[in-house]
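Here is the structure we will look at.
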Amino acid sequence: MFLGELQQPVNRLKGIGPNHHKSLSAMGILTVGQLMAHFPMRYEDHQTRRSILEAAGVDAVNTVMTVVGRDSFYWKGKQTLKLFVEDGTAKGTLLCYHRNFLGNKYPDGAQIFLHGHFQYKFGEWSCADFEFEPVSASPEVFGKILPVYPLGGSLNQNVLRKAAAQALREYTPGIRDELPPSIIEKYGFHDKLTALKAIHLPSSPSDYLAARRLFIYEELFHLQTAVGRNALKERNILRQKTGETRRDMELELRKRLPFKLTADQNKVLDDICADLETGRPMNRLIQGDVGSGKTLVAFIAALNVIRTGRQAALMAPTELLARQHAESAARLLEPLGLKIAYLSGNTKGEGRRHLLDQLKTGNIDFVIGTHALFSADVEYLDLGLAVIDEQHRFGVAQRQALAEKGSCVDLLYMTATPIPRTLAMTAFGDLDVSSIKTMPAGRKPIETHLAREGNEQKVYDFVRRELDAGRQAYFVYPLIEQSEKSNLKDAENMYAHLQKVFPERNLALIHSRISDDEKQERMEGFSSGSVDILVATSVVEVGVDVPNATVMVIEHAERFGLSALHQLRGRVGRSDLQSYAFLIYSNKLTDEGKQRLKVMMENTDGFVIAEEDLKLRGPGEIAGVRQSGYMKFRIADMIRDSEVLMEARADVLDLLEKDPALTSPENEVLRELWEKAPPFSETLVRSG
Ligand code: ADP
Ligand code: MG
């Protein structure tokens, strides 16, 4: 019997009435097996013997105390009991808030097992936070290590401890290991039953530490097995594409560009073309800082796929960005004879019908749009390549939905938000990563300046000089309109204000509540240079590309997260013109806000900024991983346990290489496990 086969409903256990049953269900714990896999998050040590002096106000006391006297004091108008106790090393005082009944229960001379935290205050050792029981031969708690479980609803630790103990006694004997014997031997793991007992009812810390080691490894091993088998399937069985690419027209395109591709762009393109030529679908991520020229690489990849007679799609997270991509694609690729189309949720009526028809019959080569690209009514004649820009803004399911619009679709992801290698491997299966590290030649580092609220005038004067020199500027605000709750500046009011500051200039306002057509028109105005100043919210954060804009002014900069600040700043410095960013901050600055601004002043490298961001926010927040659902591990943590992950991965690759179908007797346990009680669902680990 595998743990996952213990399907008995959890309310068979004593103490699980309707309320607790409901609370457990809400946490996804329906069966005894699932309860056994609900692991403690930490332990309470009632075991290590410590006197008051040994604990020294730092650790918990675990000792036998004798009651030696009593007194009372007033607390919130109530007489409250104090018990004086002694443990042979020191005297202590127990402050019995709400527990006056202890006075009768424990006369002077009584002995108790006591667990608590003593502090030295007002010349004595006192303790208000304690647990105790009468001294006896078989104490309930004293001398034990107690598990502390994650709780929910009506649950408390006692209920879960008792239920787990009963389950261990009555249900788990005979439970099977879930790893091949060679692996268990290699790492000296306990058998599964011993490990379950050790994690729920440890008799010492070394017990539960060893058990945790097994369960963490096991979880990562199974994940890697799923990922690995999936990759094998995709490579060998399900997916066999023709693996063609034609780079003839690429040369034509290169000739038309006013610049040369950087060495890194060339390298990434070669990686991509090599992927396109193999028989298995590409699954590649391009990481590259904002402005490093990822889009162009994707366009060339699309061109090469289209030349083999297939179609390409590019999905971007916002309409603004999708339109901009569609326009530059049209500029670059239409002269080469390609048919480009733009599709969003707002493409409706006859226009949409016509477009969908053209896609279906293959008259459109390259479609660029938002998540509308994978709507149910969208059909492709033969989708060969799907490019997903700013991939972290999409969930796994969305990326998958696009990929499923064709057979053997090559997938190309682009991101300016770097993903740690271990995460990329685990969360995306066998994702290959290419990086564009160098910026196009001639780019000058952006000069970043801080300005305190109240000193805007100087910034405005600077902006005026840049405008006079023929440049353009962005002004970005945290809010769209005035909010009663805050006195933050907002884009609408500042648009009116800035019109007075720059009366001779053309200004335009964009934010998410402006209609798409309007947004589009204003954006075009800015691109073509007829608008000098774009006043905006963070809608301009991703991807907007206007090389003549050289000033980015962000007011209330402390309100923006690091990745947003970096993306916003990346809107300038997109040509060989010197560019500037002004971060205007308010007087009410939190420590974290201050820290973020400091990071922005000191760094320009997006990878470094992302790492700083990670430090400030913690790994759980890494873009694209949290919402993907891949982080829902029982016990493992991809960051903390990254070394175990690498070990498990190496073990799994080795194993699958020798025995891809898991048919050897040694691996029988795995084959049966995946048949009878799969540790991860198939869909959870679809790569991409
Ligand atoms: P990303 O998507 O990586 O942020 P883009 O693809 O939007 O960057 O490129 C930024 C700008 O740089 C665009 O205007 C693009 O035309 C230009 N560009 C791309 N590659 C080069 C290059 N090799 N040399 C000069 N400019 C380039
Ligand atoms: Mg981009």
task: Return the sequence-ordered ³J(HN,Hα) values of region 94-106 in whole Hz as given by the Karplus equation 6.51 cos²θ - 1.76 cosθ + 1.60 applied to θ = phi - 60°, using x for Gly and Pro.
output: 9, 8, 9, 4, 6, 10, 4, 4, 4, x, 6, 6, 10
Nearest 10 degrees, 0 to 90: helix 205-232 Cα axis against the chain principal axis: 30
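If the chain between Glu277 and Asn548 were fully stretched, how many nm would it gain, using 0.36 nm times the residue separation less the Cα-Cα distance? Each step should come with its number before you reach the end.
Values: separation 271, 0.36 × 271 = 97.56 nm, distance 3.83 nm.
Gain on stretching Glu277 to Asn548: 93.7 nm.
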query: How high is the FRET efficiency between Thr308 and His117 when r is their beta carbon distance and R₀ equals 60 Å, given to the nearest 0.05?
result: 0.25
task: Compute the long axis of helix 263-277 from its Cα atoms, compare it with the longest principal axis of the Cα atoms of the chain, and write down the angle in degrees, 0 to 90, nearest 10.
output: 80
query: Using only helices, what value at 222 nm comes out for the chain when you add -39,500 (n - 2.57) per DSSP H run of length 4 or more and divide by the total residues, to the nearest 500 deg cm²/dmol?
result: -11000 deg cm²/dmol
- prompt: How many angstrom lie between the C-alpha centres of region 119-186 and region 641-676?
  reply: 32
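So what's the net charge close to Arg212: Lys and Arg +1, Asp and Glu -1, counting the other residues with Cβ under 14 Å from its Cβ?
Numbers: positive: Arg42, Lys192, Lys197, Arg213, Arg634, Arg640; negative: Asp207, Glu218, Glu219, Asp637, Asp641.
With Lys, Arg at +1 and Asp, Glu at -1, the neighbours total +1.
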message: Could you give each residue of region 28-35 its phi-based ³J(HN,Hα) in whole Hz, using Karplus coefficients 6.51, -1.76, 1.60 with θ = phi - 60°, and x for Gly or Pro?
response: x, 9, 10, 10, 4, x, 5, 5
Label-zone membership for region 38-55, site Glu170, 7 angstrom Cα→C-beta point, backbone N under 20 Å: 38
query: Once you put a point 7 Å from the Cα of Lys437 and another 7 Å from the Cα of Arg99, both along the Cβ direction, what distance in nm separates them?
result: 6.0
message: For region 48-143, what are Rg and Dmax over the alpha carbons, in angstrom?
response: 12.7, 40
field: Residue order for Ile436, Ile340 - accessible surface, 1.4 angstrom probe, largest first
entry: Ile340, Ile436
- prompt: From a point 7 Å beyond the Cα of Glu672 in the direction of its Cβ, which residues of region 171-207 have a backbone N at a distance under 14 Å?
  reply: 174-181, 192
message: Can you work out the Karplus-derived ³J(HN,Hα) for every residue in region 590-598? Use 6.51 cos²θ - 1.76 cosθ + 1.60 with θ = phi - 60°, whole Hz, and x for glycine or proline.
response: 7, 4, 5, x, 4, 4, 5, 5, 4
task: Specify the inter-centroid distance of region 327-357 and region 505-537, based on alpha-carbon positions, in whole Å.
output: 22
query: What is the distance, in nm, between label points placed 7 Å from the Cα along the Cα-to-Cβ direction at Ala128 and at Val68?
result: 2.4
field: Share of carbon and sulfur in the accessible heavy-atom surface of region 89-164 [1.4 Å probe, %]
entry: 54
Prolate/oblate/rounded call for the chain, Cα gyration tensor, a/c under 1.5 rounded: oblate
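Take the solvent-accessible surface of the protein heavy atoms, probe 1.4 Å, and return the percent of it on region 447-603 that carbon and sulfur atoms account for. Don't skip to the answer; put the middle values down first.
On the way: 3010 of 6880 Å².
Here carbon and sulfur together make up 44 percent of the probe-accessible area.
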- line: For Arg505, the residues 5 or more places away or on another chain with a placed amide H closer than 5 Å to its own amide H are none
query: Can you give the FRET efficiency for Lys255 and Glu140, using 1/(1 + (r/R0)^6), R0 = 60 Å, r = Cβ-Cβ distance, to the nearest 0.05?
result: 0.15
- request: Name all residues of region 483-527 having a backbone nitrogen under 20 Å from the label point set 7 Å from the Cα of Asp461 along its Cα→Cβ direction, giving them as ranges.
  value: 498-505
message: Can you give me the long-range amide H partners of Val553? Hydrogens built in the peptide plane at 1.01 Å from N, cutoff under 5 Å, separation of 5 or more residues or another chain.
response: Tyr474, Phe475, Val476, Phe582
Check: the chain dipole with +1 on Lys, Arg Cβ and -1 on Asp, Glu Cβ, in debye: 880
query: Can you tell me the accessible area per residue over the chain, all protein chains present, probe 1.4 angstrom, in square angstrom?
result: 45
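Per the 1.4 Å probe, what fraction of the accessible area of region 295-417, in percent, lies on carbon and sulfur atoms? Before the final figure, lay out the partial values.
Values: 1990 of 4020 Å².
Percent of accessible area from carbon and sulfur atoms in region 295-417: 49.
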Residues whose placed amide H lies under 5 Å from that of Ile368, excluding near-sequence neighbours: Leu314, Ala341, Tyr342, Leu343
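For region 447-603, with only Lys/Arg (+1) and Asp/Glu (-1) charged at the beta-carbon, what is the dipole magnitude about the Cα centre, in debye rounded to 20? Each step should come with its number before you reach the end.
Numbers: 20 positive and 25 negative charges, 88 e Å.
Dipole of region 447-603, to the nearest 20 debye: 420 debye.
The values are calculated or read from the model by the stated rules, or taken from the named source; none is laboratory data. No experiment lies behind these values; they were computed from the predicted model shown. Note that each Cβ is placed from the backbone with ideal geometry, even for glycine, and that neighbours are counted across all protein chains shown. Accessible surface is based on the protein model in full, side chains and every heavy atom, while ligands, DNA and RNA are left aside. Shrake-Rupley method; radii C 1.70, N 1.55, O 1.52, S 1.80 Å.
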